[in-house]
Structure formats: structure tokens, C-alpha cells
Amino acid sequence: MSATPHQPTVTEREARQVAEAAREQDWRKPSFAKELFLGRFRLDLIHPHPMPAEDDVQRGEEFLAKLRDFCETKIDSARIEREAQIPDEVIDGLKDIGALGMKIDTKYGGLGLTQVYYNKALALVGSANPAIGALLSAHQSIGVPQPLKLFGTQEQKDVFLPRCARTDISAFLLTEPDVGSDPARLATSAVPDGDDYVLDGVKLWTTNGVVADLLVVMARVPKSEGHKGGITAFVVEAGSEGITVENRNAFMGLRGLENGVTRFHQVRVPAANRIGPEGAGLKIALTTLNTGRLSLPAMCVGAGKWCLKIAREWSAAREQWGKPVALHEAVGAKISFIAATTFALEAVVDLSSQMADENRNDIRIEAALAKLYGSEMGCLMADELVQIRGGRGFETAASLAARGERAVPAEQILRDLRINRIFEGSTEIMHLLIAREAVDAHLSVAGDLIDPEKSLSDKAKAGANAGVFYAKWLPKLVAGPGQLPRSYGEFNRHVDLSPHLRYVERNARKLARSTFYAMSRWQGRMETKQGFLGRIVDIGAELFAMSAACVRAEHLRLTGQHGREAYQLADAFCRQSRIRVDELFGRLWSNTDDLDRKVVKGVLAGTYEWLEQGVIDPSGEGPWIADATPGPSRKENVHRPIR
């Protein structure tokens, strides 16, 4: 598809360069997951399990109690689903208890919760209604508070954070009608004009955008004298002249989500509202997401807990062939999967969150793995719950209630969770993002060897550096503690978890060897092997989850919190995970990737159009991608700030 007149024409290489420039290039702190991908099982980085400070726990628990009472007495999830809107009084109530300022420092009027308790709060409120969880998460995880916390000036913090803590809802605007995960093609412009910038463009899927008071907007500043230019972040007043919310979007799930299309036409934004320097917008966005991504798996943990509760209660009450359906192996396996996976996912989220709070580890890969793993497993758990419930799982809660049965919204949770595999980086993009970080050490020493634009002298120098690196690194992948039968013996308690940790150590080395072999084999074509890279990342995610589950089980044992049961759940999860890991390793080299590419080319060329005959396409008329040409809006403004 050709670019529209206002749309930047970007080559594949230019797009990669933009994405690469936005990455955090340095690793100043240790990373458990990064080491894992390099074949080094650094259990010492996560064990003993890090602990929160007592005053953080007290403050967090007090708010959770207040939030639970609010959720139980003020939130009617069925009404939100029925009316496709969160009532204004619910949002006002959330403001009153300080839920807008959970992550904002107390000196700005916020609650100053840790990442751990912020995520516990999201899991709680998201279980009451996922659309409310999405509203609070978009406001604080990626909206105005987080980028200002990390990159804002003191003046910006003083002006905007008190508003965000108590009264103002914020939104994050990056995506455009023809720009998804390829920000190099960003078309919204911010042209310098005196002490202002003038914004023009259209933003799509602006979560909270319909009701927002403040916006974080990513726009392209043209390069000119005195202006470096590039994609830049701005705080924008949502009520500014020239801003029109042209549509409130509707989705298969999250029916209460205030998500829209926002048009900017000659919108003046003071230069004082620019976050960071010109050209730093993508770096700000990616850095914000490093911990912001933890909000989605946190809500998946809440969903898993609810799925487990319903599965337990229903499967004990429903009898078939003389016994509860839970005792039939086909159903029991699904319940075991939900229980074990919920335990492991909570272990991943809590561990990553506590490490984020302590700020002693670099958790960019851990957070990305948590988002990837949580969103995928959350959908699987919800799907299994629908299957366990049978026809009642497919029936809506309102219909169940109308005929006199308990109104269990199983089909709704499946619809609501599905977006998490797309939100804040789709699974496919997360695979590529994590893979890039996982091979960073290789590219830093051998990248010039596979770069076709590097000179022979550059390649020779890179070859020498790579030789030194691999001479030290490769021998360490041959043997390790995972081959010693007594390693990790402190995890041999009610159940012996030490074999699982030995398995992780051995397979971390195997994973690193596989990555090295693939780079040697494909060299510059490695980045096109997305199927292979996705499996590499999925193996890493499973190994990380196994590690977190074992560490959490031992932590709960030491603190006297259901240690015996935790060990059982960790053991079940690790055994299930090991089967998936073994399968993924097999699929690294035995797969249909090459054949799939041939079929795809045939599909695009129309070779198989005959296969499409015999059906009716119920789709409506219209372009695949809406026109986003800058200019004044021709639609009614549906922006409705809640005051």
C-alpha cells in the first residue's frame, strides 16, 4: 500500500534505525532475564525473594482494604457491561479515594504506593470490572504521571501531578490509523512557532481519550535551525482549541472503555509542555513501558484467581456420571492448569514488581516477559473456564440470571482479556522486542560482522572482538550446576523443587547455545526468522516463570504462608512448563516456517482465491484504513470530561 501524501515513506532499514535509536543502549544494572538468555542462571539475583518495607506494606494494605470496600459496594459490573459505560459516579468515587494517584508521590497529593501494591490494586479493581482496571492503568502506567515522574521537569511535576493525583484523567496518544508498532511512520506533526508547537494529525485507539483532561501526545517535530527534530512527547490539555474526539470506539470486550479517535488541528502547545528534548519521544515511551507493562499481567493474575474460584465452585457442584465434573480427568487437568498457572503468574508479577521497587536490577526484559506470558496465559485460563462451564460458559451472565441461575460472566472475561495480547505491544511485537534485548550481547560484539554496510576493516575489528568474547563465553555453556544432583538442595522441602531449578539452569545454557548456533547459521537473516525468535523468547518466558514460582514457594514457606501448598503448586506448574519447553526446543529446528512463507506468498498473489469461494462476506463498505489527512474536523466532538 502506498503512503498517503502526509504519511512519511520509510524503508525497512530506516524503520529499524528509529526503533534501535529509541532503545536503552546500556545495561547499568544486572538483569536476571538477560543473564538467563545468555545461558547464565543467576538465581542469586532473585533469591532470597526481595521483601517490601514495612511502612510500604502498611500503606498498601490500608488502601487495598478501602478499595475492596469500594469495589464491593459501588461497582456494578453488570451495569457497565449493559450500558457500555462506567458511570460518572464510579469514576468520581475512585477520585475521592485517591485511586487516580496510586503511583504518584505523596508530596503531589498521591498515595505513593509501591509497584507491588499498585499492581495488587489493579488486580483487585480489574476483577470487579476490567474496563475500570484499564482506565486506571492507562492513566497511571502510560499516561501523564509516569513519563513526568521519569523525565519531567520540576515545574511540570508541580503543575500536572497534583491534578493527575486527584481530579484529572490522562491518556497516552501514540498510535495512528496507519501507524501501529512502526513509529518511524508517525505522521502527527508538531511545528515550532515561537514559544509554542503547533500540532496537526490524527490519533487512534486513545484509551481514556474520550474522557481525558490531559494527554501525552507523540508527534514529529521537523528538523530546522535550532531544532533537532524527531518524535517528541508533549503534555497537552485535552480541552485545547482544535482538539476533537471524533469517535468513541466499541470493542468485543472492555465495553466500558473510553477509547476514541482524536484529531489535532492547529493545536497550540507551549514549549514548556514538552517532555524531555526533541527527538526523545520514543525513548520516553519505551522507558515508561518498562514498568508500565506490569499492569497488564497484574490484571491477568486477578482474572486467573477469579477463574480458579469459579472453576472450583462450579466443578464441585456440577455432577456427571455419578461424581463432580472436577473429578473427571479431562476437566481436572484444566483446573490444575488454571491453579498452577495463576500461582506462577502471580510469582512473576510480584517478583518483577518488587525488583522494580528496589531499583537494583534492570527489569526491562522481566517486565516484557511478564506482559507477554501473562497476556497469553490469561487468555488460555479464561478459555479453559468457558470450556469447564460448557454451554453456561458461552451464555451471558444476563441470560443466566434471567432463567434463574447464577450470573457468572465467563464469556465476558474471555472477551475482556483478549485485548491484552494486543495492548501495549502485541505478542508478535513483544517476541521481537525481547529477542532484540536477548541477543544484545551478541550484536554488541559481532553486529558489524553481519551488517552489509560495514567496511572490511570494521568487520575485521568486529571479528577480533567477537573471537575474544566467544572464547570466554562458549566454554561456560558446556557444563554447570544443573548437572550436579545436589544443586539447589535448599528447595527440597515438602516437595523437591531442586530438579526443576537444575532443569532451568541446563536449559538456559541450551537456549544460549541454540541462539548462538542460529546467529552463526543465518547471520544477517536472523532478524527475519521471527518464528525461531518467538520460540526462543517463549522458552525464556517459561524458564523465568519456573524460577519465579520456585522462589515464591520457598518465600511463602519461610514466611509461614501456605508453604506446603505453594510447593505443590510450584511443582505442578514446573512439570507442566517443562513439557512446553521441551516442545518449543523441538520446534526450533523442526517446524513449517519455510513452507508457511511459501503459502503466504501464494495467498497474497491470489493463487488460492478459489478456496474462498462458496461464502458470503458480511463486511461493510469502506477503506481498510481510515483517511488521516490533517485538517479541521468535520465531526461532532464527543469529548466528555468527568467533573
Can you pull out the residues in the stretch 44-83 that are within 30 Å of Gly489 (Cβ to Cβ), in a helix (DSSP H, G or I) and under 24 Å from the mean Cα position of the chain (by Cα)?
Leu45
Kindly indicate whether Pro623 is outside any helix (DSSP H, G or I) and open to solvent by less than 80 Å² (accessible area, probe 1.4 Å).
no
Is there any pair with a first residue in the stretch 282-301 that is free of Cβ contacts under 8 Å to residues at least 24 places away in the same chain and a second that is assigned to a helix (DSSP H, G or I) whose Cβ atoms are under 8 Å apart and which are 6 or more apart or on different chains, and what are they?
none
Number of the condition not met by Asp496 [criteria: (1) at pLDDT below 95; (2) surrounded by fewer than 18 Cβ atoms within 10 Å (Cβ to Cβ)]
(1)
Are there any helices (runs of 4 or more DSSP H) wholly within the stretch 355-409 with 1 or more residues that are within 21 Å of Thr427 (Cα to Cα) and in contact (Cβ under 8 Å) with a residue 40 or more places away in the chain, and if so which?
364-389
If we keep only residues of the stretch 465-479 that are of a type outside the set (D, E, K, R) and open to solvent by 60 Å² or more (accessible area, probe 1.4 Å), then the residue farthest from Gln523 (Cα to Cα) is Ala479
So in the stretch 251-281, with the set limited to residues that are within 21 Å of the chain's Cα centre (by Cα) and open to solvent by 20 Å² or more (accessible area, probe 1.4 Å), which one is farthest from Ala184 (Cα to Cα)?
Arg255
Hey, can you tell me all the residues within the stretch 42-52 that are open to solvent by 20 Å² or more (accessible area, probe 1.4 Å) and either closer than 26 Å to Gly260 by Cβ or in contact (Cβ under 8 Å) with a residue 40 or more places away in the chain (or both)?
His47, Pro48, His49, Met51, Pro52
Take the conditions open to solvent by less than 30 Å² (accessible area, probe 1.4 Å) and among the small types (Gly, Ala, Ser) and apply them to Ser315. Does it pass?
yes
What is the residue count in the stretch 103-156 for residues that are more than 18 Å from Gly281 (Cα to Cα), assigned to a helix (DSSP H, G or I) and of a type in the set (S, T, N, Q)?
6
Can you go through Ala441, Ala402 and tell me which one is out of contact with any helix residue (DSSP H, G or I) (no Cβ under 6 Å at 6 or more places or on another chain) and open to solvent by less than 20 Å² (accessible area, probe 1.4 Å)?
Ala441
Being without any contact (Cβ under 8 Å) to a residue 40 or more places away in the chain and of a type in the set (D, E, K, R) is the filter here, so list the residues in the stretch 508-526 that pass it.
Arg521, Arg525
What's the number of the condition Ile86 fails, among (1) out of contact with any Leu (no Cβ under 8 Å at 6 or more places or on another chain); (2) among the β-branched types (Val, Ile, Thr); (3) not in a helix (DSSP H, G or I)?
(1)
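The values are calculated or read from the model by the stated rules, or taken from the named source; none is laboratory data. Here the structure is a predicted model, which is why all the values come from computation and not from measurement. As a convention, Cβ positions derive from the backbone with ideal geometry for all residues, glycine included, and neighbour counts pool all protein chains shown. The area values use the complete protein model at the heavy-atom level, side chains included, leaving out ligands, DNA and RNA. Shrake-Rupley method; radii C 1.70, N 1.55, O 1.52, S 1.80 Å.
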